[in-house]
Amino acid sequence: MKKTNLRAWQVLFLLAAVLTYFALVSNRTQNAKFSSNQPTFSPTLACTSSICKASLFSARQTNALKTVVKNKEKIASSALISQKAEPAAGYCLSVPVLLYHHIQPQSEAIRKGQASLSVDNGFFDRQMQYLLENGYNTINAPTLINALLSRTPLPPKSILVTIDDGYKDAFIYAFPILQKYHITANFMIATGLTGGEDNMSWDQISQIKQSGLAYFVDHTWSHYAISHGTFDKIQYEIQTGKKQLEEHTGQSVNIFTYPYGSFSNNAIEILKNDGFIGAFSTIPGFLQCDSFIMTLHRNHIGNAPLSSYGL
Ligand SMILES: [Zn+2]
C-alpha cells in the first residue's frame, strides 16, 4: 500500500516537472517573438531643434524608455489579435497599402535578429519592378486620404508603399531601388529614434525628401503605443513627432501611423483634435473607406512575389 502511494507521488512529481519545463519554454518563445519586433534605440537621441525635448533625456531615461517600449509591444501585440478589417461603409476605394520595415540582405537580417520584419533587398527590387511592369500607380498618403475625404476616384491600380520606423537600411537599400523605378514611398518616422545606431539621420531623411519620391508620416516621437498612457503623454508623442518632422522636411504633417498598430478611441479623438485627417493601422485589407479613415488598412509584405499577395 505504502509502496503504491510512493509510486503515485513519484509519477505526480515527474508530471509537474515536465509541465513546468514546457511552461517555461513556451514563455521564452513568446518573449523572443515580442522582442524581435522591437525597434533599436541609441544611447543618445539626435536632436537639433529648439522645440525638441529628446536631447534632455539621459541615457538612463532612454533605457527606461526602451523597457517601456518592450512592455508596450506585448500589450499592443495582444491588442492586435482582436483587430479585424472594418466592413465597407461610406465611400470606399480599393487601394492596397504595402507595409515594410527593414529592407536589407537576408543574411544581414538574420545576423541582426530582424528577419521577421525584413524583406531581402533583392526581393524588394523585384517587387518594385513588378509594380512598374504591371501598371501600378504608386501614390502618397495624402492623395489616398484626400480622395476618400472628397469622395473622388483614384486612377486604376493606385497603390501605396509604406516603410516604417526610418531604419538606416531603408536609406541604404530601399531608396536606390525606389529611385531606379521612380516609385513613390511613404516613410513612417519615429523622430526620437532618428540618428540612432540602426536609424536614418536627419540628413539622410533630407536626401530622400529631395528626391521628390517620398512623403513623411508621423509615427510618434519614441515609437509609442498611443492606445495607452495619459492624455499629456499621448499628446507629447504625437505633437513632438509632427513638429520635428515638419521642421526637418519642410512638409506639413497631418497623417499618422500607429506604432505597433496600437490604437484606441481615445487616441483617435486626440489625433482628430490635433488636426490629423487620416491614420494607418496594421489591420490587413485592400479596401479603404472614409468611415474608418483613422484606421486605414495595410498589408505586411515579406520575401515573396507580390502576385502571391493578390496583386
Ligand atoms: Zn513602427
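Kindly establish whether GLU246 is within 16 Å of the ligand (Cβ to nearest atom) and not in a loop (DSSP other than H, G, I, E, B).
Working: within 16 Å of the ligand (Cβ to nearest atom): no; not in a loop (DSSP other than H, G, I, E, B): yes.
Taking the combined requirement at face value, the residue does not satisfy it.
Looking only at the stretch 245-270, how many residues end up being hydrophobic (A, V, I, L, M, F, W, C) and farther than 19 Å from ASN186 by Cα?
4
Quick grid of which residues meet (1) surrounded by fewer than 22 Cβ atoms within 10 Å (Cβ to Cβ); (2) out of contact with any His (no Cβ under 8 Å at 6 or more places or on another chain); (3) hydrophobic (A, V, I, L, M, F, W, C):
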residue: ILE177; (1), (2), (3): yes, yes, yes
residue: ALA190; (1), (2), (3): no, no, yes
residue: ASN199; (1), (2), (3): no, yes, no
residue: SER206; (1), (2), (3): yes, no, no
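Run THR282 past the list (1) hydroxyl-bearing (Ser, Thr, Tyr); (2) under 20 Å from LYS209 (Cβ atoms); (3) part of a loop (DSSP other than H, G, I, E, B) and report the number of the one that doesn't hold.
The failed condition is (2).
Can you pull out every residue in the stretch 148-196 that is within 15 Å of the ligand (Cβ to nearest atom) and assigned to a loop (DSSP other than H, G, I, E, B)?
Matches in the stretch 148-196: ASP165, GLY166, ALA190, THR194, GLY196.
Listed residues LEU160, LEU149; which is surrounded by fewer than 19 Cβ atoms within 10 Å (Cβ to Cβ) and either of a type in the set (A, V, I, L, M) or touching a His at 6+ places or on another chain (Cβ under 8 Å) (or both)? Show your work before the answer.
Values: LEU160 fails: surrounded by fewer than 19 Cβ atoms within 10 Å (Cβ to Cβ).
Going through LEU160, LEU149 in turn, just one is surrounded by fewer than 19 Cβ atoms within 10 Å (Cβ to Cβ) and either of a type in the set (A, V, I, L, M) or touching a His at 6+ places or on another chain (Cβ under 8 Å) (or both): LEU149.
May I ask you to list pairs of residues, at least six apart or on different chains, whose Cβ atoms are under 7 Å apart, with the first in the stretch 144-169 being within 16 Å of GLN104 (Cβ to Cβ) and the second being at pLDDT below 95?
ASP165/PRO39
Scan the stretch 265-276 and tell me whether some residue there is more than 16 Å from the ligand (Cβ to nearest atom), in a loop (DSSP other than H, G, I, E, B), aromatic (Phe, Trp, Tyr) and within 19 Å of the chain's Cα centre (by Cα).
Looking for residues that are more than 16 Å from the ligand (Cβ to nearest atom), in a loop (DSSP other than H, G, I, E, B), aromatic (Phe, Trp, Tyr) and within 19 Å of the chain's Cα centre (by Cα), one finds at least one in the stretch 265-276, hence yes.
Among the listed residues THR240, THR230, identify the single one that is over 26 Å from ILE159 (Cα atoms) and in contact with a Lys or Arg (Cβ under 8 Å, 6 or more places away or on another chain).
After applying the criteria, what remains is THR240.
Does at least one position in the stretch 235-251 carry a residue that is surrounded by fewer than 23 Cβ atoms within 10 Å (Cβ to Cβ), under 15 Å from the mean Cα position of the chain (by Cα) and of a type in the set (Gly, Ala, Ser)?
No - not one qualifying residue is present in the stretch 235-251.
So for the stretch 208-222 (the condition being part of a strand (DSSP E or B), modelled with pLDDT of 95 or more, more than 16 Å from the ligand (Cβ to nearest atom) and not aromatic (Phe, Trp, Tyr)), does at least one residue qualify?
yes
Does ASN199 satisfy the criteria of being more than 16 Å from the ligand (Cβ to nearest atom), within 19 Å of the chain's Cα centre (by Cα) and of a type in the set (S, T, N, Q)?
Working: more than 16 Å from the ligand (Cβ to nearest atom): no; within 19 Å of the chain's Cα centre (by Cα): yes; of a type in the set (S, T, N, Q): yes.
Spelling it out, it is not the case that ASN199 is more than 16 Å from the ligand (Cβ to nearest atom), within 19 Å of the chain's Cα centre (by Cα) and of a type in the set (S, T, N, Q).
Regarding TYR260, is this residue part of a helix (DSSP H, G or I) and within 18 Å of the chain's Cα centre (by Cα)?
In short, yes.
Out of the residues in the stretch 90-142 that are surrounded by fewer than 18 Cβ atoms within 10 Å (Cβ to Cβ) and among the polar types (S, T, N, Q), state the one that is farthest from ILE277 (Cα to Cα).
So, considering only residues that are surrounded by fewer than 18 Cβ atoms within 10 Å (Cβ to Cβ) and among the polar types (S, T, N, Q), the one farthest from ILE277 (Cα to Cα) is SER107.
The values are calculated or read from the model by the stated rules, or taken from the named source; none is laboratory data. Every value quoted in this text rests on a predicted model; they were computed, and no experiment measured them. Heads up, the Cβs are rebuilt from the backbone with ideal geometry, glycines too, and the neighbour counts pull from every protein chain shown.
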